[in-house]
Amino acid sequence: MQTGTTDVPDISVDWYRDITDVAGSSPAPVQWFAVHFTEGAILLLGVLFLVAAAPRLLRGGPWERALALVAPVVVVLAYGCSEALKGLFDEDRPCRGAATVVAGHCPPVGDWSFPSNHATIAGALAAATLLLSRRLGLVAVPLALFAALSRVFVGVHYPHDVAAGLLLGALVTLTGTPLAARPAAELLARRTARADPLRATADHP
């Protein structure tokens, strides 16, 4: 049977046990909510991003539209980075052999733990939302933190898995989106100039 080769920091193991002990002793409704929230939070973050992106796409200038268009691509790129790192570190899931796991099942062997894909996507979506709307971003950021913590609470990730995922998603999105948006904004500005010279603008950094 294939097993992971990466050693897990002792402090992360201790925190994992503390958190899952709390999860195991929590009321059944709390456990039910945690299991469903860990998946539903990603959908909520996606909705927040769409709400932030819609006015930029409909009424924004070339720069704002470019940000809204390229951000989803960068979120997917962040996910790809997390998948690549999983194969590099091949860290076993903590739920294998754990006494307390709230999640209905532990992912199969080979579905490695570090970094957390859920946390990566949550961090990326929160960062993308923040780039488009500070107001909605202030809602998305704590939601992403809770989404990441829920992965530990239900027992399928160590704390350092989700911390790394959040940072990876946020860093890739906050750096990659503006870089990718520059050429996209220039292209949109040129198309706007050809379509309506009087409205042509170069309102991007």
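The values are calculated or read from the model by the stated rules, or taken from the named source; none is laboratory data. These numbers were taken from a predicted model, which means no experiment stands behind them. Don't worry about glycine lacking a Cβ; one is built from the backbone with ideal geometry, like all the others, and counts go over all protein chains shown. All accessible areas refer to the heavy atoms of the entire protein, side chains included, with ligands and DNA or RNA removed. Shrake-Rupley method; radii C 1.70, N 1.55, O 1.52, S 1.80 Å.
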Of the residues that make up the stretch 130-142, is at least one more than 16 Å from the chain's Cα centre (by Cα) and among the hydroxyl-bearing types (S, T, Y)? yes
Looking for whichever is under 25 Å from S12 (Cα atoms), of a type in the set (A, V, I, L, M), touching a residue at least 60 places away in the same chain (Cβ under 8 Å) and assigned to a loop (DSSP other than H, G, I, E, B) here; the options are V156, V152, V172. Which one fits? V156
Do we find that A71 is hydrophobic (A, V, I, L, M, F, W, C), open to solvent by less than 30 Å² (accessible area, probe 1.4 Å) and under 16 Å from L166 (Cβ atoms) in this structure? no
Checking V139 against (1) more than 30 Å from G61 (Cα to Cα); (2) open to solvent by 30 Å² or more (accessible area, probe 1.4 Å), which test does it fail? (1)
Which numbered condition trips up L88, out of (1) within 19 Å of the chain's Cα centre (by Cα); (2) among the hydrophobic types (A, V, I, L, M, F, W, C); (3) open to solvent by 20 Å² or more (accessible area, probe 1.4 Å)? (1)
